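The values are calculated or read from the model by the stated rules, or taken from the named source; none is laboratory data. Owing to the predicted nature of the structure, the values given are computational and were not obtained by experimental measurement. Positions of Cβ are backbone-derived with ideal geometry, glycine not excepted, and every protein chain shown enters the neighbour counts. Ligands, DNA and RNA are excluded from the accessible area calculation, which covers all protein heavy atoms including side chains. Shrake-Rupley method; radii C 1.70, N 1.55, O 1.52, S 1.80 Å.
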There are 2 protein chains.
Amino acid sequence: MFTRHPLNPLITPASVRASRPDYEVIGTFNAGATIYKGETLLLVRVAERPLKTDPDWIFCPYIGADGELTLRSVRRDDPDYDTHDPRLVKHHPTKAVYLTSLSHVRLARSTDGVHFTTADQPWLNTDSPFEAYGVEDARITRVDDMYWINYTAVSSHGIATGLVSTRDFVTVERRGIMFPPSNRDVVIFPQKVNGLYVCYHRPMPGEFGQLSMWMATSPDLIHWGNHQLVLEGNADGWDSGRIGGGAPPILTDAGWLSIYHAADQNNRYCLGAFLTPHDDPSTILYRSKTPIFEPEASYETSGFFGNVVFTCGLTVQGDMLRLYYGASDETIALAEAPVQAIIDHLKAGN
Amino acid sequence: MFTRHPLNPLITPASVRASRPDYEVIGTFNAGATIYKGETLLLVRVAERPLKTDPDWIFCPYIGADGELTLRSVRRDDPDYDTHDPRLVKHHPTKAVYLTSLSHVRLARSTDGVHFTTADQPWLNTDSPFEAYGVEDARITRVDDMYWINYTAVSSHGIATGLVSTRDFVTVERRGIMFPPSNRDVVIFPQKVNGLYVCYHRPMPGEFGQLSMWMATSPDLIHWGNHQLVLEGNADGWDSGRIGGGAPPILTDAGWLSIYHAADQNNRYCLGAFLTPHDDPSTILYRSKTPIFEPEASYETSGFFGNVVFTCGLTVQGDMLRLYYGASDETIALAEAPVQAIIDHLKAGN
């Protein structure tokens, strides 16, 4: 159904400058996408880590209480730490988690949706105690002439969802914390349904529950309520580990089409799709039984964190859906499919 | 500062009938409180477990997918389970948690605030998949002529906060899930501040963060946003384990007075207090350095889960604050203090 672009991956760490001379870019991935004044804009997650390396140590960058970039040093052989996941270390005694890189969000623009120029500096940088470990995974939703961007804010206070808005991608207004910890993978609908704005979100209920997709409504995009469970993973198979929002839903003749992500117990991330009625985004009409897109290309199966395809945004050009996705938590790639082909696939019960 | 009532505990499991013949009441605790038509009303958490016992087995009651009361049987010596906490068992392979009792909420009424008559049947019973493991810890806030009751909804989907409203404590309107998992210990303010309703809530950020008190605002008590961190525990001492809302805040000349709970690493639960300005409930003016109330009486230090005092509600009669609190997760007790004495205590820097 999807065709990978021959120039994939479109944005790589090597193609982007570090924001500081003493840091290197190790990931450019998980980008929100929109069309603005004829250009394709991506809000790219840029993950950086200090150039300083030592085979015996892991350095975890974060913004300290003084607002300064700080390094937490962890010995690789320290028995108090679990260091097997390249993305993070866990401190057993306190159960605290620290990230091995610090992410910010950068603007990349393109006239053809394929060749992107990425800015050298952050578009959205860490700006509060709730973002001390970074800002990640921006999603863009246009509502009338305003673009709303939700993102993941990570800190010692937990994993929360932050919100900003812009009309021109130059002036950015911060809108505070949209969902308190632990909640991420939020996708906002582009228009009201039954008089209220709608989003899907992904609470993380800890040991009491699974990682599933929920829905909420809002009168103003700031205050959210009426929380309902929408989509759960299955006990076995490709979505047994977690399930959450991908790109913001798009309106089609067949209903709201959502592309979401799921992972299995081995952290293999794939994409699925579902359709809901126009007037009820909490009811699943059709849902993909198997992934509609999964890691197959070399840049998807290997990389910083291999076997990951993960989308935060797409655009629709004519009848074609252009899916921008993070590959292996390292690069941004593009795959295209006719919108109708995805709908037909779902309606056929696949 | 507080004087325990000589008739404590006021409500005990022995004084209340089980809602079913094959169950026994093991806890009557954590009650929301209000004055309605001259009577003191408590919404009491009633915890029940099956009469069926077996020294080798633990039976965990829950509402099954078919809506029927069901028992999950766990062998005490099953190495897959952690059974040391009397309140719950943990299944190591799946990390799932099951409760050893099923709670509902019952109405108790009193003309003097001391002698209570507790109804024989639930006032609020489990009513959705989100309440399959019970409804707990109701808090009552009167806003104009409506009483809003938030409560903890526990299920395999996580620990969430539910909301209902009533004008007469007879007809109850369900208002859905106020905060998705994991979030509990919500207290709603009785009036708007700066044009918006306000609550404190307690997200549970898992291994990424601590259990702290947050604030949110709402235009309508249904949709909540503008989440801010308000109060954190200290690394050592009585509030090092967790911290969360207690009774809904009360308006005093000195500002909003909040009685909250905190526990240390040993799960010893005490109560603290803080004051905020009338126009800014996110700013702490004064905060108790040490507990204002802690487990000392025998019914507070021993019981189903000893060393716990925990409040969900209070009333103010003249100048006196009447604090209703759960003791040892088993009984309801009453302690009284002049409101001014608490304020003086806080202002003196204690």
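So B:Phe304 passes all but one of these: (1) closer than 19 Å to B:Gly241 by Cβ; (2) touching a residue at least 60 places away in the same chain (Cβ under 8 Å); (3) buried (at least 23 other Cβ atoms within 10 Å of the Cβ). Which condition number does it fail?
(3)
In region B:319-330, how many are touching a residue at least 60 places away in the same chain (Cβ under 8 Å), open to solvent by 10 Å² or more (accessible area, probe 1.4 Å) and over 17 Å from B:Arg142 (Cβ atoms)?
Residues in region B:319-330 being touching a residue at least 60 places away in the same chain (Cβ under 8 Å), open to solvent by 10 Å² or more (accessible area, probe 1.4 Å) and over 17 Å from B:Arg142 (Cβ atoms): 2 in total.
For region A:133-163, which residues satisfy the criterion of being more than 14 Å from every other protein chain (Cβ to nearest Cβ) and of a type in the set (A, V, I, L, M)?
Selection gives A:Val135, A:Ala138, A:Ile140, A:Val143, A:Met146, A:Ile149.
Residues that are closer than 23 Å to B:His227 by Cβ and touching a helix residue (DSSP H, G or I) at 6+ places or on another chain (Cβ under 8 Å): find the strands (runs of 3 or more DSSP E) completely inside region A:59-143 holding 2 or more of those. Give the steps one after another, and end with the answer.
Values: elements: A:69-75, A:88-91, A:96-99, A:102-110, A:134-143.
The qualifying strands (runs of 3 or more DSSP E) are A:96-99.
Of the conditions (1) modelled with pLDDT of 95 or more; (2) buried (at least 24 other Cβ atoms within 10 Å of the Cβ); (3) among the small types (Gly, Ala, Ser), B:Gly113 fails just one. Which one is it?
(2)
Can you list residue pairs whose Cβ atoms sit under 7 Å apart, with the first residue in region A:67-91 being over 25 Å from A:Ser328 (Cβ atoms) and the second being open to solvent by 60 Å² or more (accessible area, probe 1.4 Å) and assigned to a strand (DSSP E or B)? Count only pairs 6 or more apart in sequence or on different chains.
Pairs found: A:Ser73/A:Trp57; A:Arg75/A:Trp57.
Could you say whether any residue in region B:92-100 is touching a residue at least 60 places away in the same chain (Cβ under 8 Å), in contact with an Asp or Glu (Cβ under 9 Å, 6 or more places away or on another chain), over 24 Å from B:Val198 (Cβ atoms) and of a type in the set (A, V, I, L, M, F, W, C)?
Within region B:92-100, one or more residues are touching a residue at least 60 places away in the same chain (Cβ under 8 Å), in contact with an Asp or Glu (Cβ under 9 Å, 6 or more places away or on another chain), over 24 Å from B:Val198 (Cβ atoms) and of a type in the set (A, V, I, L, M, F, W, C).
In region B:88-104, is there at least one residue being surrounded by fewer than 13 Cβ atoms within 10 Å (Cβ to Cβ) and either of a type in the set (A, V, I, L, M) or in contact with a Ser or Thr (Cβ under 8 Å, 6 or more places away or on another chain) (or both)?
no
From the list A:Val309, A:Val316, A:Val339, which one is within 30 Å of A:Lys37 (Cβ to Cβ), touching a helix residue (DSSP H, G or I) at 6+ places or on another chain (Cβ under 8 Å), touching a residue at least 40 places away in the same chain (Cβ under 8 Å) and open to solvent by less than 50 Å² (accessible area, probe 1.4 Å)?
Exactly one residue qualifies, and that residue is A:Val309.
Of the residues that make up region B:146-159, is at least one of a type in the set (S, T, N, Q), open to solvent by 30 Å² or more (accessible area, probe 1.4 Å) and either under 22 Å from B:Glu330 (Cβ atoms) or in a loop (DSSP other than H, G, I, E, B) (or both)?
So far as region B:146-159 goes, yes, one or more of its residues are of a type in the set (S, T, N, Q), open to solvent by 30 Å² or more (accessible area, probe 1.4 Å) and either under 22 Å from B:Glu330 (Cβ atoms) or in a loop (DSSP other than H, G, I, E, B) (or both).
Here are B:Asn350, B:Asn267: which of them is open to solvent by 30 Å² or more (accessible area, probe 1.4 Å), within 29 Å of B:Thr118 (Cβ to Cβ) and among the polar types (S, T, N, Q)?
That would be B:Asn267, the only listed residue that is open to solvent by 30 Å² or more (accessible area, probe 1.4 Å), within 29 Å of B:Thr118 (Cβ to Cβ) and among the polar types (S, T, N, Q).
Please go through region A:23-55 and give me each residue that is part of a loop (DSSP other than H, G, I, E, B) and open to solvent by 70 Å² or more (accessible area, probe 1.4 Å), ordered by number.
The answer is A:Lys37, A:Leu51, A:Lys52, A:Thr53, A:Pro55.
Okay, residues lined up against (1) facing another protein chain (nearest Cβ under 7 Å); (2) on the phi < 0 side of the Ramachandran plot; (3) open to solvent by less than 30 Å² (accessible area, probe 1.4 Å):
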position: A:Pro203; (1), (2), (3): yes, yes, yes
position: A:Gly206; (1), (2), (3): yes, no, no
position: A:Trp214; (1), (2), (3): yes, yes, yes
position: A:Ser218; (1), (2), (3): yes, yes, yes
position: A:Gly225; (1), (2), (3): yes, yes, yes
position: A:Glu232; (1), (2), (3): no, yes, no
position: A:Ala235; (1), (2), (3): no, yes, no
position: A:Trp238; (1), (2), (3): no, yes, no
position: A:Gly246; (1), (2), (3): no, yes, yes
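Spot the failing condition for A:Leu257; the list is (1) at pLDDT 95 or above; (2) in contact with a Gly (Cβ under 6 Å, 6 or more places away or on another chain), and only one is missed.
(2)
Taking the residues in region A:160-183 that are under 27 Å from A:Leu99 (Cα atoms) and hydrophobic (A, V, I, L, M, F, W, C) as candidates, determine which candidate is surrounded by the fewest Cβ atoms within 10 Å (Cβ to Cβ).
A:Val172
Which of (1) over 26 Å from A:Glu48 (Cα atoms); (2) at pLDDT below 95; (3) of a type outside the set (Val, Ile, Thr) does A:Asn266 not meet, given it meets every other one?
Result: A:Asn266 passes all but (1).
Considering region A:184-194 alone, what residues qualify as being open to solvent by 10 Å² or more (accessible area, probe 1.4 Å) and either within 12 Å of chain B (Cβ to nearest Cβ) or among the hydrophobic types (A, V, I, L, M, F, W, C) (or both)?
Of everything in region A:184-194, those that are open to solvent by 10 Å² or more (accessible area, probe 1.4 Å) and either within 12 Å of chain B (Cβ to nearest Cβ) or among the hydrophobic types (A, V, I, L, M, F, W, C) (or both) turn out to be A:Arg184, A:Val193.
Quick check, is B:Ile243 assigned to a strand (DSSP E or B) and not hydroxyl-bearing (Ser, Thr, Tyr)?
On the way: assigned to a strand (DSSP E or B): yes; not hydroxyl-bearing (Ser, Thr, Tyr): yes.
Yes: the conditions hold for B:Ile243.
This table checks each residue for (1) closer than 21 Å to A:Ser128 by Cβ; (2) in contact with a strand residue (DSSP E or B) (Cβ under 8 Å, 6 or more places away or on another chain); (3) in contact (Cβ under 8 Å) with a residue 40 or more places away in the chain.
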residue	(1), (2), (3)
A:Asp145	no, no, no
A:Ser156	yes, yes, yes
A:Leu163	yes, yes, yes
A:Phe179	yes, yes, yes
A:Val198	no, yes, yes
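Among the polar types (S, T, N, Q) and surrounded by 14 or more Cβ atoms within 10 Å (Cβ to Cβ), is that true of B:Thr126?
Working: among the polar types (S, T, N, Q): yes; surrounded by 14 or more Cβ atoms within 10 Å (Cβ to Cβ): yes.
Yes: the conditions hold for B:Thr126.
Output the number of the condition that A:Pro181 fails; it satisfies all remaining conditions of (1) part of a strand (DSSP E or B); (2) within 14 Å of chain B (Cβ to nearest Cβ); (3) not polar (S, T, N, Q).
The number of the failed condition is (1).
Just one of A:Gln210, A:Gln265 is more than 9 Å from chain B (Cβ to nearest Cβ) and free of Cβ contacts under 8 Å to residues at least 40 places away in the same chain; which is it?
Of the residues listed, the single one that is more than 9 Å from chain B (Cβ to nearest Cβ) and free of Cβ contacts under 8 Å to residues at least 40 places away in the same chain is A:Gln265.
How many residues, within region A:129-145, are closer than 17 Å to A:Tyr62 by Cα and either of a type in the set (A, V, I, L, M, F, W, C) or crowded, with 21+ Cβ neighbours inside 10 Å (or both)?
Total satisfying the criteria: 7.
Report every pair of residues separated by at least 6 positions or lying on different chains whose Cβ atoms are under 7 Å apart, first residue within region A:117-132 and acidic (Asp, Glu), second in a loop (DSSP other than H, G, I, E, B).
Final answer for the pair search is A:Asp120/A:Arg17.
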